[in-house]
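Read the structure below first, then the notes.
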Amino acid sequence: MGYREVKRQVIDCLNKGRISHEQRNDIDVKNLLAIGQVSLEEVAVVIGRSRGNDYSSSPHHFDASITVHIIKTNQAGQSWYVKWYFVEPNSVFISVHH
């Protein structure tokens, strides 16, 4: 799946509220989406404005059959790091950070 399709699919999940959060106890910084510091709409805008050179992917460290998608971008003077994977029909957000 190419970046345009990945972006379309995750924005569709965000717009429909089809998301969940991966519970992680091993990180110091909280997932801004999970704790309500950013909205689904804000994350959709960040992803929507991102470009292919902001994007990378890699296998999930626990299950190599799952592709983890990562966006690192700067928008409106703010750095963003967004990391997620798909478990149909939802997207599962691991990290949303400034």
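On the stretch given as the stretch 44-55, residues that are touching a Phe, Trp or Tyr at 6+ places or on another chain (Cβ under 7 Å) and either surrounded by fewer than 16 Cβ atoms within 10 Å (Cβ to Cβ) or of a type in the set (Asp, Glu) (or both) total 1. Confirm whether residue 31 is at pLDDT 90 or above and under 19 Å from residue 79 (Cα atoms). When the stated conditions are applied, residue 31 does not pass them.
For the stretch 46-91, enumerate the residues that are of a type in the set (Val, Ile, Thr) and assigned to a strand (DSSP E or B).
67, 68, 70, 71, 73, 82, 87
Of the candidates 35, 94, the single residue that is surrounded by fewer than 11 Cβ atoms within 10 Å (Cβ to Cβ) and not in a helix (DSSP H, G or I) is 35. Within the set 86, 62, the sole residue that is of a type in the set (A, V, I, L, M, F, W, C) and either in contact (Cβ under 8 Å) with a residue 24 or more places away in the chain or on the phi > 0 side of the Ramachandran plot (or both) turns out to be 86. Going by what's in this entry, would residue 58 be described as of a type in the set (S, T, N, Q), under 17 Å from residue 1 (Cβ atoms) and surrounded by fewer than 18 Cβ atoms within 10 Å (Cβ to Cβ)? Taking the combined requirement at face value, the residue satisfies it. Within the stretch 75-91, if we keep just the residues that are within 10 Å of the chain's Cα centre (by Cα) and of a type outside the set (Phe, Trp, Tyr), the residue that is surrounded by the fewest Cβ atoms within 10 Å (Cβ to Cβ) turns out to be 83. Against the criterion of being under 19 Å from residue 90 (Cα atoms) and either out of contact with any helix residue (DSSP H, G or I) (no Cβ under 9 Å at 6 or more places or on another chain) or hydroxyl-bearing (Ser, Thr, Tyr) (or both), residue 36 qualifies.
Here's the yes/no breakdown for (1) modelled with pLDDT under 95; (2) touching a Lys or Arg at 6+ places or on another chain (Cβ under 8 Å):
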position: 54; (1), (2): no, yes
position: 64; (1), (2): yes, no
position: 70; (1), (2): no, yes
position: 85; (1), (2): yes, no
position: 89; (1), (2): yes, yes
position: 93; (1), (2): yes, yes
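The values are calculated or read from the model by the stated rules, or taken from the named source; none is laboratory data. Small disclaimer: the values here were computed from a predicted structure and weren't measured. Cβ: placed from backbone, ideal geometry, glycine included. Neighbour counts: every protein chain shown.
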